[in-house]
1. For segment 310-343, enumerate the residues that are surrounded by 13 or more Cβ atoms within 10 Å (Cβ to Cβ), at pLDDT 55 or above and of a type in the set (A, V, I, L, M).
2. Output the number of the condition that T428 fails; it satisfies all remaining conditions of (1) touching a Ser or Thr at 6+ places or on another chain (Cβ under 8 Å); (2) modelled with pLDDT of 95 or more; (3) open to solvent by less than 20 Å² (accessible area, probe 1.4 Å).
3. Go through (1) open to solvent by less than 70 Å² (accessible area, probe 1.4 Å); (2) modelled with pLDDT of 85 or more for K289 and report which single condition fails.
4. Restricting to segment 436-456, and then to whatever is surrounded by fewer than 24 Cβ atoms within 10 Å (Cβ to Cβ) and outside any strand (DSSP E or B), can you tell me which residue is modelled with the lowest pLDDT?
5. Quick check, is V415 surrounded by 24 or more Cβ atoms within 10 Å (Cβ to Cβ) and of a type in the set (V, I, T)?
6. Give the residue that is farthest from K331 (Cα to Cα), with candidates limited to residues of segment 354-406 that are in contact with an Asp or Glu (Cβ under 6 Å, 6 or more places away or on another chain), in a loop (DSSP other than H, G, I, E, B) and open to solvent by less than 40 Å² (accessible area, probe 1.4 Å).
7. From Y227, Y211, grab the single residue that is at pLDDT 85 or above, over 26 Å from T114 (Cα atoms) and among the hydroxyl-bearing types (S, T, Y).
Amino acid sequence: MASSVAVEAEDEGAAAAAGQTSAAGLSLRPEEGSPSPSRSHRLLSLSPRGGEEVAPLPVQYPSHLGALTGREKVELYCDGILKGCKAEDSNEAINKYLLENLKMKEKWLGIWKTNPELFFVHSEEIPIPYVGVLVEVICKPPKNPSANFKVSVSVAEPFSSNIANLPRQLVDDILEEMDHSVPLLEIYPIEAQDKVVFDISRALETVRFFYDFLWRDWDDDENNETYAALIEERIKIWCDIQNGIIPAPIALRFRRNLEKYKSMHLELIHYQSSVKEEPTAEEAVECWKKYYELIMLCGLLKIWEDLHLRAHGPLTPRILKRRKGRRDDGKTVTYVVAKTTAVEMVKELSTETHTVEENLNLALDNCYSGDTVLIFPGEYKAGNLSMLTEDIVIKGVGRPEEIMIASNPSTENFVVSRAQNIKLINITLIQQGTVDGIVVVESGHTVLENCILKCEGTGVCVLAGATLTVTNSEITGAQGAGVELFPGSTATLEGNKIHQCSNFRTSDGSRGSFGGINIKVLPVPKLRMKNNHIYGNNGCAVTIIKPSEQLCATVEGVVECAAGGDGEDSVSKLMQELSFEINKNVLEETPKDSSIVN
């Protein structure tokens, strides 16, 4: 059912702008040699010619869901529309909600937004997210409507579209072929009608959001209690995406896979229905192939949901490297990694030194605990930085700007450490294409000294029980926080610069912009800061995230919880437990240097 909804751009306003821009100064022409009229008329492409102007679309009602908090969305769906429903009853509940709003008015104006493939073969300019046309809607819902039932439409006057120079005749021809019936969820009511139409718009948006983001066809086995909890969790994920808590690249990848799942699900249904008689061996193999691809994608989406889309989870299978420890003879080795090898590089090193030209991956793979890897100036790539298990020292020889290590865009992870004690000294890490934290400390103790971290996804992530020490280093460019501390972690930051981080856009400028350092509490992490300069970030210098629903503490082995609304006393106790030592730090953020958010 969800797959019938037209695919929308993530930022609807930007999508409309893009559509209008792409059409400016362009006209439509038939492909050479194509027949006419009828369906062949849609075989069009954009070409830079002048033509008949088309009026721009009027303004549609603004999104009401974007203005709701997570709790209000939970109340709308879990405590309202879906209250007491099992997953198998959710479609009926949604349809009932939709019918209650649609029966209030039969005729109204809306924008029909549909897939551009209905009109165009391709665009030689800017891709068009959708084709929009102003239509008059005649909505006569049946007694038992479904969310994908169709409504009758006709082109409204004046003829308006987001595509400049879209031929009126082309639209009329396509609507005639469709018997002037289009899916209800492709219609967006416009402003300046009346309150009833506004309520219809709100209902359509609520239903679209349910099928676009909350509904899964694998939910049918969930009972009413677990299903409500599942919907609430997905609403939280959506809020985390909107507020930037989940890094933008991770969120985009999740949404793409969700759309891919819906598309593959529909493709499988269509393929099965196309097999009229007993399937041939080839058809059976193809059907099973599509089915297993769908199951694998379903499993991946479930993993992502269970892990709240955190980038440090197994977004793709990662083989955990077994720790080797020290060599049996107790000796240590220094590996030299260099673009070119000169005698001067190794003359002062011991005879136990192994020299590996250019191949940083090989050096890391050969390391035992206690070894050292010396890296001379140059640009390197190292996939094995994502599987650090040994207690080694990785040190650049020269200025850190001269020793550049870039991530491999084909991998999920850049630097992931599970070593008990590992040091990265005097190097520059450049994140390219990976969406995980530039450095993820999964366990043990990781030291960054005199390093430059040029982030693209999240900054440095310290997971529960892990320890991080960063001194005289620079962290910049993270889409999320520069340093993100998870509950029960420990970090010491001294003499660092953290700037130009938290570069994602959020729907609410007051939330989600976590800037330099982001701390998640319960159990509280430990943070010590001294002589750091935190500036130029999109948000507060330091943000502490406390639970939105309840605050918990362990007293004599018993977990005691207090409601999140118990007032400032709970927050004060929370802050007192947080080991938060700040000495001589420069925090240059607006509107305030630190904040506490739910």
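1. The answer is V333, V336, V337, A338.
2. The single condition T428 does not satisfy is (1).
3. All conditions pass for K289, except number (1).
4. Among them, the one singled out is E456.
5. When the stated conditions are applied, V415 passes them.
6. I392
7. Exactly one residue qualifies, and that residue is Y227.
So that you can scan it fast, the table gives a plain yes or no per residue for (1) of a type in the set (F, W, Y); (2) under 32 Å from the mean Cα position of the chain (by Cα); (3) open to solvent by less than 10 Å² (accessible area, probe 1.4 Å):
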{"site": "V133", "(1), (2), (3)": "no, yes, yes"}
{"site": "S152", "(1), (2), (3)": "no, no, no"}
{"site": "E157", "(1), (2), (3)": "no, no, no"}
{"site": "V171", "(1), (2), (3)": "no, no, yes"}
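The values are calculated or read from the model by the stated rules, or taken from the named source; none is laboratory data. Please read all numbers here as calculations on a predicted model, not as lab measurements. We place every Cβ from the backbone using ideal geometry, glycine too, and count neighbours over all the protein chains shown. Ligands, DNA and RNA are excluded from the accessible area calculation, which covers all protein heavy atoms including side chains. Shrake-Rupley method; radii C 1.70, N 1.55, O 1.52, S 1.80 Å.
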